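Working notes for the structure below.
Read-outs: derived from the displayed coordinates by stated rules, not from any lab. All values derive from a computational prediction rather than experimental measurement. We place every Cβ from the backbone using ideal geometry, glycine too, and count neighbours over all the protein chains shown.
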Amino acid sequence: MHEFSLMQSVLDTVEGAARENNAQRVTEVRLVIGDLAEAVFEAMEFAFEALTPQTVCEGAVLTMRGVAPRSRCAACGIEFEHDRYHWACPSCDSLATELLAGRELYIDAIEIEEPER
Ligand SMILES: [Zn+2]
């Protein structure tokens, strides 16, 4: 299940950011995941639960937002949203389209608990 390696690299980044900010604890991790990123939400959640115990992310909430694929038609220039099966331009039926969004997977935000002062 490749979601484990995806989640591991997400957590490496989150832990690095937490360390830089002297966070005691991470309370929320928000991810943006394109529909074409091949990351199943349930599997990401499962990986998160499995990988976070004993880390600064233990007990944190994982929030994920999907992004619909969006492409630009090379023939007529319009931009359109589509699903993973329909790539043709809705205006001119061209298949010469360029994917603009939908394959991304990135950390949108993390919430941390700062040390008491
Ligand atoms: Zn077109």
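Between segment 1-59 and segment 60-117, how far is it from one alpha carbon centroid to the other, in angstrom?
Segment 1-59 and segment 60-117 have Cα centres separated by 20 Å.
Hey, what does the equivalent ellipsoid look like for segment 3-113, semi-axes from the Cα gyration tensor as sqrt of 5 times each eigenvalue, largest first, whole Å?
36, 13, 9
For the chain, build the charge dipole from Cβ charges (+1 Lys, Arg; -1 Asp, Glu) around the Cα centre, then report which of VAL40, GLN54, GLN24 sits farthest towards its positive end.
VAL40
Please report the net charge: other residues with Cβ closer than 12 Å to the Cβ of GLU15, K and R +1, D and E -1.
-1
Picking from LEU31, LEU62, LEU100, which is most flexible by a Gaussian network model of the chain using Cα springs under 10 Å?
Per the Cα network of the chain with a 10 Å cutoff, LEU100 tops the list.
Among ALA88, ILE107, VAL67, whose Cα lies farthest out toward the positive end of the dipole of segment 3-113, if unit charges sit on the beta carbon of Lys, Arg (+1) and Asp, Glu (-1)?
ALA88
Let's see if you can work this out: charge +1 on each Lys and Arg Cβ, -1 on each Asp and Glu Cβ, no other charges. What is the dipole magnitude of segment 51-96 about its Cα centre, in debye to the nearest 20?
With only Lys, Arg, Asp and Glu charged at Cβ, the dipole is about 60 debye.
Summing -39500 (n - 2.57) over the DSSP H runs of n ≥ 4 in the chain and dividing by its residue number, what mean residue ellipticity at 222 nm do you reach, to the nearest 500 deg cm²/dmol?
Mean residue ellipticity, 222 nm, calculated: -8000 deg cm²/dmol.
Tally Lys/Arg at +1 and Asp/Glu at -1 over every other residue whose Cβ is under 13 Å from the Cβ of ILE107; what's the total?
Combined, the nearby Lys, Arg, Asp and Glu give -4.
Going by alpha carbons, how many degrees (0 to 90, nearest 10) lie between the helix axis of 41-51 and the longest principal axis of the chain?
On a 0 to 90 degree scale, this one is about 20.
Counting Lys and Arg as +1 and Asp and Glu as -1, each charge on the Cβ, what is the dipole of the chain about the Cα centre in debye, to the nearest 20?
My answer is approximately 280 debye.
Of LEU105, LEU36, LEU95, which is the most mobile in a GNM of the chain whose springs link Cα atoms less than 10 angstrom apart?
The residue that fluctuates most here is LEU95.
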